[in-house]
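For reference, the structure discussed in these notes is given below.
The values are calculated or read from the model by the stated rules, or taken from the named source; none is laboratory data. Please read all numbers here as calculations on a predicted model, not as lab measurements. Note that each Cβ is placed from the backbone with ideal geometry, even for glycine, and that neighbours are counted across all protein chains shown.
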Amino acid sequence: MGGFFGVASKSDCVYDVFFGTDYHSHLGTKRGGMAIWGPNGFQRAIHNIENAPFRTKFELDVEEMKGNLGIGIISDTEPQPLIVRSHLGTFSIATVGRINNLDALVDQVFRSGAPHFLEMSGGNINPTELTAALINQRGSIREGIQYAQSQIEGSMSLLILTENGIYAARDRLGRTPVIVGRKDNAHCACFESSAFLNLGYTTHHELGPGEIDFITPEAVEVIAQPQETMRFCTFLWIYYGYPSSTYEGMNVEKMRYRCGDRLALRDSTQADTVAGVPDSGTAHAIGYANRSGIPFSRPFIKYTPTWPRSFMPHKQSQRNLIAHMKLIPVDALIRGKRLVLVDDSVVRGTQMRETTEFLYQSGAKEVHIRSACPPIMYGCKYLNFSRSTSEMDLISRRVIARLEGDKAVEKLDLYADPDTPEHARMVGEICRELKFTSLKYHRLDDMLEATGVSPCKLCTYCWNGKE
C-alpha cells in the first residue's frame, strides 16, 4: 500500500508535510520521501524506512528544506517522489496504486519515443516513473493525468507538485481516497483524513472518482469533474484504514463497531469474554461485545514500542514471528475462559492458528474465531495489499482445492455464498485445520450494510470476484 500528503501554503509548509506524511506510516514501511518547492527550487529526500520510522529518518532533512509547496509519500514499493523535467515543465510526482499492464505500457511509451527508464533495485521499472511518462505524452498535466488513468489497468491516485501549486488526482474508479483539507492560508491533500487533524486543517471535500483538483494556498479548483461510477475498496474500512479517518462519509472506527454489531446479530455462541486481535480487530470486537452482551476484555496486550505491524516484513516467517512476539498474554483473562476472538480477516490462516495455539497454551478453555469479513477468495488486483505470489496462499483457496480438485475454480461462487452447503463445508474444514473451537465469517451483505454506502459503489472483488 502507501499514502501521501501534500500542502500548498502561504507560509513555510515543510513541517506540515513532514508530520502529515508521517501520519501515513501505518500504510507501509519500505520507502519514504518528501519534495518541497521553495526559494531553493525543488528539494527532495528519499530514505529506506524498513528498519527505522519515517520521522527519525527525515528529522535532519526538514531542517534543510524550505518552501511553501510540498508533497510527501509513504511507499511500500518504489522510491518516490520523483522529480521529472519535460515539455510540461519540472514537477515532482508521488503515486499510490498498482499497474497490472506495466509491460504493455512500457512498450507503448518506448514506441512513442521515450529513450529509457531507470531500473529499480529489484530489476523492475518504477511505476511512478511510468505514470510520469504517460502524463508527458499529452499537452498539459491535466490531460496527461486523465490519459494515464485511462491507460492503467489497476488503479492510480497521485499528487503532482509544480512551482505554482499541487495537482491531486483520485484514481479513475475511486478505489482509494483523496481528501482535501483547509486552514487559514493553506490547503492540503492526503490519503488519510486523520493525517491533517492535529495540523489544524478541517475537511474541505473528498475527491470523487477520477476527479482532479489544482490546489494553491488560496483555493482548490476542480479541473476535472468526478465520474459517476465508483468502486471504493471496502477492505480499507475493515483493516488498512486508520481508526480516526473517514471515507465516503463513514468513519473507520464507527464502521468497525457496526460491523462487529452485525456479526454478533447472527451468532449465539456462549462465551465468557470477547476480545479483538490488536489492532484492527479490537473495534470489531467492541461492536460484537456491545451487541452480544458478552463482556469485552484484552486477554493479550500488544507490545508496540519495538515491534512493527506484522504485515510489513517481506518474509512470511518474519511476519509470523513478529505477530507472536508482540502479543503478551494476561493469564487472569485467559485461563479457564471461553473466548470469542474477533479479527478483521482470516487470510492465510498462519497467524490466527498460532494465536489460537498461544491462547490454548495460556490456559484458554475454548477459542471461537469470528472474522469481520467473508472468506477472501481472490488476491487484490487493484491495490498492493499483499506480496503473495499465488492465490493458493489463501486458506480458503487451499481448502477448496483440496475439496474439489480440478473443479475448484469453477465452483468458487458456490463457496463464496454463505447460504450453500459448500460454504459450510469449507468453513468447517478451515476450522478443523486451524484448530479453532468454532469459526464464523461475516456475511458480505451484512458487512456492506455496515459501511452505510450503496453496495454498487464498493469493490468486493477479494470476496466474490466481482469488480
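When you scan the stretch 371-390, do you find a residue that is out of contact with any Pro (no Cβ under 7 Å at 6 or more places or on another chain), in a helix (DSSP H, G or I) and within 22 Å of LEU458 (Cβ to Cβ), even just one? No - not one qualifying residue is present in the stretch 371-390.
Only strands (runs of 3 or more DSSP E) whose full extent lies in the stretch 164-282 are considered here, and the ones with at least 2 residues that are closer than 25 Å to ILE93 by Cβ and at pLDDT 95 or above are 166-169, 179-183, 186-190, 202-206, 212-215, 220-224. Of all residue pairs spaced 6 or more apart or on separate chains, those with beta-carbon atoms under 7 Å, a first member in the stretch 136-152 that is over 17 Å from VAL96 (Cα atoms) and a second member that is of a type in the set (Val, Ile, Thr) are ILE141/ILE135; ILE141/ILE160; ARG142/ILE212; ARG142/ILE223.
Within the option set GLY67, GLY20, GLY41, GLY72, being more than 25 Å from the chain's Cα centre (by Cα), under 18 Å from ALA189 (Cβ atoms) and at pLDDT 95 or above holds for one residue only, GLY67. Go over the candidates THR131, THR95 one by one and state the one that is assigned to a helix (DSSP H, G or I) and in contact with a helix residue (DSSP H, G or I) (Cβ under 6 Å, 6 or more places away or on another chain). Only one candidate passes the filter, namely THR131.
One line per residue, one yes/no per condition, for (1) outside any helix (DSSP H, G or I); (2) at positive phi; (3) crowded, with 16+ Cβ neighbours inside 10 Å:
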site	(1), (2), (3)
GLY6	yes, no, yes
GLY20	no, no, yes
THR29	yes, no, yes
ILE36	yes, no, yes
ALA45	yes, no, yes
ALA52	yes, no, no
THR56	no, no, no
LEU60	no, no, no
GLU63	no, no, no
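Residues in the stretch 407-459 that are touching a strand residue (DSSP E or B) at 6+ places or on another chain (Cβ under 6 Å), surrounded by fewer than 17 Cβ atoms within 10 Å (Cβ to Cβ) and among the hydroxyl-bearing types (Ser, Thr, Tyr): SER438 only.
Entry remark, the stretch 388-398: residues being farther than 19 Å from ARG443 by Cβ and at pLDDT 95 or above number 2 in total. Kindly indicate which of ARG348, ARG353, ARG309, ARG319 is at pLDDT below 95, of a type in the set (D, E, K, R) and in contact with a Ser or Thr (Cβ under 6 Å, 6 or more places away or on another chain). From the options ARG348, ARG353, ARG309, ARG319, the qualifying one is ARG319. Considered as a group, the residues in the stretch 255-297 that are of a type in the set (Lys, Arg) and surrounded by fewer than 24 Cβ atoms within 10 Å (Cβ to Cβ) include one that is nearest to LEU333 (Cα to Cα), and that residue is ARG291. If we scan the stretch 83-91, do we find a residue that is in contact with a strand residue (DSSP E or B) (Cβ under 6 Å, 6 or more places away or on another chain), modelled with pLDDT of 95 or more and within 17 Å of ASP22 (Cα to Cα)? No, that holds for no residue.
For the stretch 73-109, name all the residues that are among the charged types (D, E, K, R) and either under 14 Å from ILE166 (Cα atoms) or not assigned by TED's automatic domain parsing to the domain that holds GLN137 (or both). Hits for the stretch 73-109: nothing passes.
Of the helices (runs of 4 or more DSSP H) entirely within the stretch 394-466, those holding at least 1 residues that are small (Gly, Ala, Ser) occupy 395-404, 412-416, 421-434, 444-451. Here GLU404 qualifies as over 30 Å from GLN151 (Cα atoms) and surrounded by fewer than 21 Cβ atoms within 10 Å (Cβ to Cβ). Please enumerate the residues belonging to the stretch 8-18 that are in a loop (DSSP other than H, G, I, E, B) and buried (at least 20 other Cβ atoms within 10 Å of the Cβ). The answer is CYS13, and nothing else.
Go through the residues of the stretch 328-343 one by one and say whether even a single one is surrounded by 15 or more Cβ atoms within 10 Å (Cβ to Cβ) and either over 26 Å from TYR257 (Cβ atoms) or out of contact with any strand residue (DSSP E or B) (no Cβ under 9 Å at 6 or more places or on another chain) (or both). Among the residues of the stretch 328-343, not one is surrounded by 15 or more Cβ atoms within 10 Å (Cβ to Cβ) and either over 26 Å from TYR257 (Cβ atoms) or out of contact with any strand residue (DSSP E or B) (no Cβ under 9 Å at 6 or more places or on another chain) (or both), which makes the answer no.
Whether any residue in the stretch 112-124 is surrounded by fewer than 19 Cβ atoms within 10 Å (Cβ to Cβ) and in a helix (DSSP H, G or I) is what I want to check. For the stretch 112-124, residues surrounded by fewer than 19 Cβ atoms within 10 Å (Cβ to Cβ) and in a helix (DSSP H, G or I): absent. The residues on offer are ASP103, ASP107, and the sole one that is closer than 30 Å to THR29 by Cβ and not in a strand (DSSP E or B) is ASP103. Within the option set GLY144, GLY154, being in the same structural domain as ASP107 (by TED's automatic domain parsing) and at pLDDT 95 or above holds for one residue only, GLY144. Figure legend. Inter-residue proximity from the stretch 68-89: first residues more than 16 Å from ALA132 (Cα to Cα), second residues among the hydroxyl-bearing types (Ser, Thr, Tyr) and surrounded by fewer than 22 Cβ atoms within 10 Å (Cβ to Cβ), beta-carbon distance below 8 Å, spacing 6+ or different chains. Indicated pairs: ASN68/SER9; ASN68/SER11; LEU69/SER9; LEU69/THR162; ILE74/SER25.
Of the residues examined, ARG432 is one that is at pLDDT 95 or above and more than 20 Å from CYS259 (Cβ to Cβ).
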